[in-house]
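Worksheet for the structure shown next.
What follows draws every value from the coordinates through simple rules; no lab data is involved. Since this is a predicted model, take the numbers as computed values, not measurements. Cβ placement follows ideal geometry from the backbone for every residue including glycine, while neighbour counts extend to all protein chains displayed.
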Amino acid sequence: MKKISLLIVPLYLIIFGLKKQVDWSLLQWIVAIIISIDIRNGMITNIFYSFIFPKDKKIIQILHAHTIVISIIFAHSITWGVIWYAIFNFSVWFIDKLPKQHHRFVSIAIIILAIGVNVFIYTPPMLFEWLIPMLFINNLIRKSNNTNLGEAYGH
């Protein structure tokens with residue numbers, strides 16, 4: 001089932017990308033599909049973590065720069081990506097500072113707030129409506145199951 005779930009977002013991109021007839025280059029399609037798989041599975045972050053920075057476990061949090069990459073390649077402006085990157089990293093830091101019993105509750109509240117902002121206030125580039133919810137859900141909820149987020153990210 002996990003392998004099938006890896007294909008949901010890439011299929012969404014392909015189906016709706018072709019339906020909306022986006023004018024993406026081959027590089028944009030490749031980046032979009034790789035990031036859509038990575039958001040679900042963390043393959044790129046894990047590769048960087050394992051091979052490039054094997055001794056510095058603190059660097060893994062910084063590697064969640066998907067919003068910046070999408071912003072540069074698809075929105076042709078870095079602003080959207082940098083703002084969401086900062087919000088995401090602040091959220092991880094904030095939750096990590098809370099007592100463990102509050103991690104899940106606060107994570108869910110932040111995810112709901114992020115989805116609302118993503119949909120109604122600070123909208124993403126076309127076909128990346130899924131990026132912010134997936135980034136926050138995969139990292140905040142999954143990591144809040146650990147002792148603390150700092151341990152999950154090697155802090």
(message) Per residue of the stretch 95-103, what does 6.51 cos²θ - 1.76 cosθ + 1.60 with θ = phi - 60° give for ³J(HN,Hα)? Whole Hz please, x for Gly and Pro, Karplus curve as stated.
(response) 5, 5, 7, 7, x, 3, 5, 9, 4
(message) Could you give each residue of the stretch 17-33 its phi-based ³J(HN,Hα) in whole Hz, using Karplus coefficients 6.51, -1.76, 1.60 with θ = phi - 60°, and x for Gly or Pro?
(response) x, 6, 5, 7, 6, 5, 9, 9, 7, 4, 4, 5, 4, 5, 4, 4, 6
(request) Read phi for every residue in the stretch 80-89 and hand back ³J(HN,Hα) as whole Hz from Karplus 6.51 cos²θ - 1.76 cosθ + 1.60, θ = phi - 60°, with x for Gly and Pro. (result) 4, x, 5, 4, 5, 4, 5, 4, 4, 5
(request) Determine, for each peptide in 121-130, 23-32, the mean count of other beta carbons within 10 angstrom over its residues, then list the peptides with the highest first. (result) 121-130, 23-32
